[in-house]
Structures are given as structure tokens and as C-alpha cells.
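Below is one structure; the comments refer to it alone.
The values are calculated or read from the model by the stated rules, or taken from the named source; none is laboratory data. All values derive from a computational prediction rather than experimental measurement. So basically every Cβ, Gly included, is an ideal-geometry build from the backbone, and we count neighbours across all protein chains shown. These area figures cover heavy atoms from the full protein model, side chains too; ligands, DNA and RNA do not enter into them. Shrake-Rupley method; radii C 1.70, N 1.55, O 1.52, S 1.80 Å.
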Amino acid sequence: MESDIGISMVNTGIINFLLKKGNAALSRITNFCFSKVGIFLLRSALTLCLLISLFLVGCSNERSINSSSELIMDESVLYPENEPPFIKIKREGEWEEISRVDDYPSKPEISSNKTKLAFISPFEFEMAGDVWLYDLLINEKKKIFNQDQAGKGNSAKDVLWVDNSNLVILIGDTIGTISSNHTLYLLNIKDNKLQQIFQAENNQDLRDLKIVNGKSISFEIVTYNEESTDHASEIKTLDITNFISEGTPG
């Protein structure tokens, strides 16, 4: 019995000792936290945690935005070239048809910011086509250049993005076994401003259009003889900076 009482007193003493030490340590920690140094370190730690959280959320949002608001050929844009063509785009994990097989669409041209695509439909031999624009951000498809604007007997033959607002449209004869692409237009899709920037001669054909640094357009001019049995070609580069406009915001 006396032995048990002695052990109990020892245990009680140990507990009291530990409590005193614990209270002292807690007091020192509390005093440190409320000291200038402690407050500074605590604020720094909280700020670091907040920055890490914002970074992780931002990365997650960026991945989400990129996956749902970018048009990338063969990833979020489908255009089969070895079978009857159509155009489908992927939005929010689902495929949506932008242009059907019966529309005979051309291969879509995607803007540099990957939010818009332009194409010609119908794009078939001796069929007059219109130019269409699809905007992923607002999920809208609309006609931006029609056959009447091309002129009687003419059709859109090619489209190229100069920048995210301006398109070059190549116009040629609808009917004919010999290619006759003769007119270049610049269309601003924001303000619908349409400008003719080049006109070829009657015996000339424009081919192989390329945009150079967003400021010039390079193309081949093929000139036929009177019998169309022979031809000569040259490369021309046209400065289009004076034609380019930003359009209205949006």
C-alpha cells in the first residue's frame, strides 16, 4: 500500500513537472508568435501558402481554358482529307458538327490565337462557294463573304489569316478547266471592311499564297500565252500594312 502511494506521488510529480515545462514552452511559443519576428514569419508563411494556392488554381484554370477554348487541327478540330470532308470541333468534351459532308467544306484555316476558323463552302469543282467563320468563344458560325461579293461567275478559292482580325480571300472563275484565280481581297471580320488589294490580268493566275510576318502577302503569278499552251511565272510580294485595320473591339 505504501509502495502504491509512493508511485502515485512520483507520477503526480512528473505530471506537474511536465505541465510546468509545457506551459513554459507554450508561453515562449505564444510570446514568439506575437513578437515582431514571430508576426513577420507567420505573415510570410501565410503569404507563401496563399501564393502557392493561387498558382495551383491558376494552373488548373489555364489547363481548363486551353483544353476548351483552343482550336487545334487533329485534336479539337476534325477534317478528314481522305474521305468526304466535314468539319467537327470539340467543345466541353463533346464533338459538334460545324459543316456537314453535304456542305463540301474546304480545309479550315485556324487563326493564330486558335479561337476562330475560316473555310469555304461549298468547295467543289465548278461550284461557287461562300466564306464562313466559326468563333469558338461564342460558339457562332456565320457567313462573312458570299458569292455576290465575288462577282458573277466568280467564287472564293482560298482564305488565309493575316492576323486574328484580317483575312485574305482569293477569288477566281467558277467555271473552267484552267485555273484562273485573279483577285485578292482583304476582309476585316470585326468591322466587315472589304478591300480589293490586287487584281491580275485576264491571262494570269494567282497561286501559292503565303502571309509573310503579318505585313506582306507573297504569291506566284502565272501568265499564259494567247493559246494557253505555255506560261511563265514570277513571285510577287505585296505590302498590305496600309490596308490592315484593327476594326472595332470585340
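Can you tell me which residue is nearest to the chain's Cα centre (by Cα) among those in the stretch 134-174 that are small (Gly, Ala, Ser) and outside any strand (DSSP E or B)?
It comes out as 165.
If we scan the stretch 93-112, do we find a residue that is farther than 17 Å from residue 78 by Cβ and either more than 15 Å from the chain's Cα centre (by Cα) or not acidic (Asp, Glu) (or both)? For the stretch 93-112, residues farther than 17 Å from residue 78 by Cβ and either more than 15 Å from the chain's Cα centre (by Cα) or not acidic (Asp, Glu) (or both): present. Screening residue 144 against (1) more than 19 Å from residue 168 (Cβ to Cβ); (2) open to solvent by less than 80 Å² (accessible area, probe 1.4 Å) leaves a single unmet condition, (1).
If you go through the stretch 117-139, how many residues are more than 16 Å from residue 87 (Cα to Cα) and touching a residue at least 60 places away in the same chain (Cβ under 8 Å)? Looking only at that region, the number is 1. Yes or no: the stretch 204-221 includes at least one residue that is crowded, with 19+ Cβ neighbours inside 10 Å, touching a strand residue (DSSP E or B) at 6+ places or on another chain (Cβ under 9 Å), in a strand (DSSP E or B) and of a type in the set (Ser, Thr, Tyr). No: zero hits.
Where strands (runs of 3 or more DSSP E) sit wholly within the stretch 30-133, those with at least 1 residues that are open to solvent by 60 Å² or more (accessible area, probe 1.4 Å) and at pLDDT 70 or above occupy 87-91, 94-99. Residues of the stretch 163-192 that are of a type in the set (Val, Ile, Thr) and open to solvent by less than 20 Å² (accessible area, probe 1.4 Å): 168, 169, 171, 174, 183, 189.
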